[in-house]
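Written out below as structure tokens is the structure these notes cover.
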Amino acid sequence: QVQVVESGGGLVQAGGSLRLSCIASGSISSINGMDWYRQAPGNQRELVAAITSGGSTNYADSVKGRFTISRDNGKNMVYLQMNSVNPEDTAVYYCRATVVRGSALHQYQSWGQGTQVTVSS
């Protein structure tokens, strides 16, 4: 089975920076897309950033210019560099990986359990 684990969350001051990491492990042939989602109390879970295996990226308008997603394909890891954070960034951040196991016909999405990010003013 595949495990997806996030780390790097914590408390950060407004205007500061934080870097989240996510690693996928287990029975993996390759990983296609890797994404970061977040969910704040009272809000729907939203896509923050996404990156393909080829390095193409997409960002939510609310984080564009402040956050950067990157990945290390050899380590099955994805990162989210969060700069100039504000209290509206407070949320649980989730990592999602689209995993290929064996044949390319066997693909599925696997979620981590999330890591809490709290931005104080």
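The values are calculated or read from the model by the stated rules, or taken from the named source; none is laboratory data. Please read all numbers here as calculations on a predicted model, not as lab measurements. Cβ placement follows ideal geometry from the backbone for every residue including glycine, while neighbour counts extend to all protein chains displayed. For accessibility, only protein heavy atoms count, side chains too; no ligands or nucleic acids. Shrake-Rupley method; radii C 1.70, N 1.55, O 1.52, S 1.80 Å.
Summary of computed values
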| item | result |
| --- | --- |
| Pairs where the first residue, in segment 106-121, is closer than 20 Å to Met77 by Cα and the second is at pLDDT 95 or above and not in a strand (DSSP E or B), C-beta under 8 Å, 6+ apart | Thr115/Gly8; Thr115/Gly9; Gln116/Gly9; Val117/Gly9; Val117/Val85; Val117/Asp89; Val117/Thr90 |
| Criterion: in a strand (DSSP E or B), touching a Phe, Trp or Tyr at 6+ places or on another chain (Cβ under 8 Å), of a type in the set (D, E, K, R) and open to solvent by 50 Å² or more (accessible area, probe 1.4 Å) - qualifying residue of Arg19, Arg38 | Arg19 |
| Filter result for Ser121 (of a type outside the set (A, V, I, L, M) and open to solvent by 30 Å² or more (accessible area, probe 1.4 Å)) | yes |
